[in-house]
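Please read the structure below before turning to the comments.
Just so you know, all these numbers are worked out from the coordinates, no wet-lab data involved. Since this is a predicted model, take the numbers as computed values, not measurements. Positions of Cβ are backbone-derived with ideal geometry, glycine not excepted, and every protein chain shown enters the neighbour counts.
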Amino acid sequence: MAHSDRLPTARSQAMVRESRHLLMTVAPGASWIVFFLVLPSAYLMSVAFMSSGTYGLPEMPLSLESFRRLAGFGFLGWSPGNLYTLLRSLWQTLVATGLVVAIAYPIAYHISTCRARWRPIMLLAVVVPSWTNQVIRTFGWMNLLAPGTPLSSVAEALGLVAPNMGLYPSNFAVTLGLVYNFLPFMVLPLYAAFEKLDTAQVEAAQDLYASPLRAFRHAVFPQTLPGLLAGIVLVAIPAFGMYVIPELLGGGKGMMLGNLVANQFAGSANWPLGAAGAILMLIATFIGLFAMRRIGKRLGGGEEVVI
C-alpha cells in the first residue's frame, strides 16, 4: 500500500521538474517575443484607431480616419495616390520575386552539381555580399547606375534613357536593388532542395524522350517546390515592406508602402496613418503566407508544404 502511494508522488515530482525545465527553456524566448513583438504590435494596432493630434501624435477619441486617409479620402476628396503606392509595391514585389526565382534556379542547380569541395566556397560567394550593410550596398548601386557610368552610358547608347539622365533614380534601379539584395535568400533554400533531388526521376524523364522543359516541370519542379516556396516567403514579404532601397535608388520616383509608413512617423507626422499602413502590411503578409500554403498543398499532391 505504501509503495502504491509513493508512485503518484514520484510522478508528480517528475512532472513538476519537467514543467520547471520547460519553463526555464521557453521563458527567455517567449519573453523576448512578447516584449519586442507582441506588445509593440498591439500598441501599433491601437494607434491606428486613434485620431491624429496637432503634431501628428495619436490621441483620443477613437476613429477610423486613418484608414480613410490610407484609402485616399482626404480633405479635398478622394485621391488615388496611396492606392498607386500599394499597387506599385505589389508590382515591384512580384517583378523582383520573379526575377530572383529565374536567376536563383540555375545558380542553385549549378552549385549542387559542382564538386563537393567547391560547394561551400560558391555558397559563401553568394552569401558574403549580404554581410555588408544594406545601406552601403545600396549606395554602391547608386554609384554604378549614376549618370556617366558605363552602365548608364550603354543604356543611353541603346536609347533606353535620356542623355545625361542615368539609370538612377528610377523604378528599374529599385527592382535591380531588390533582386540583388534578396537573391541569396532564394539561392540557399533552392540549393537545399537540389541537394535532396532524386536524379533517377530526371533520368527516367530523359529516357522517355521528355524535352528539358517537360523534364524540369515533371521531375525537378515538384521536388524543389518546398525550397521555392520557402524562398518566395523570404523574398516577397520583406521586399513588399522595403524602405531603404526604394528611398535611395528610387529618389522619390519609386515610393513603396514601407516608405509611406516611414514618412508618417517622420516627415509627414501622422502616426495613426502610419500605423494603419503597417497593419495593411501585416494583413498582406498573412494573406501571402496563407496563399503560399494553399499553393504548396495544391501543387504538392495534397501534402501541405510547411512554411
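Quick look at the values:
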read-out	value
Efficiency of FRET between residue 149 and residue 192 - r from beta-carbon atoms, R0 41 angstrom, step 0.05	0.65
Long-range HN-HN contacts of residue 265 with modeled amide H, under 5 Å	270
Gain in span if fully extended, residue 158 to residue 20, counting 0.36 nm per residue against the direct Cα distance	42.8 nm
Sorted largest first, extent of the stretch 1-137 alpha carbons per principal axis (Å)	85, 63, 26
Bins of 10 Å, starting at 0 and running to the largest distance - Cα pair percent for the stretch 103-244	11, 30, 28, 21, 9, 1
The chain: DSSP helices with Cα axial extent of at least 15 Å and average Kyte-Doolittle hydropathy no lower than -1.0	2-33, 81-113, 134-145, 171-195, 221-240, 271-299
Mean residue ellipticity (222 nm) of the chain, computed from DSSP H runs ≥ 4 via -39,500 (n - 2.57), nearest 500	-22500 deg cm²/dmol
At 1.002 mPa s and 20 °C, Stokes D of the stretch 13-90 from Kirkwood alpha-carbon radius, µm² per second	132 µm²/s
Calculated on alpha-carbon atoms, Rg and Dmax of the stretch 96-179 in Å	16.0, 48
Distant-in-sequence amide H partners of residue 73 (H built 1.01 Å from N, under 5 Å)	79
Cα-based Rg and Dmax for the stretch 139-204, where Dmax is the largest Cα-Cα distance (Å)	18.5, 55
Relative contact order of the stretch 53-196, defined on C-alpha pairs under 8 angstrom at six or more residues apart (%)	27 percent
Principal axis dimensions, the stretch 167-262 - Cα atoms, whole angstrom, descending	54, 23, 16
Cα centroid of the stretch 140-173 to Cα centroid of the stretch 187-226, whole Å	39 Å
Per-pair calculated FRET efficiency, R0 = 41 Å: residue 122 and residue 289 via Cβ, rounded to 0.05	0.85
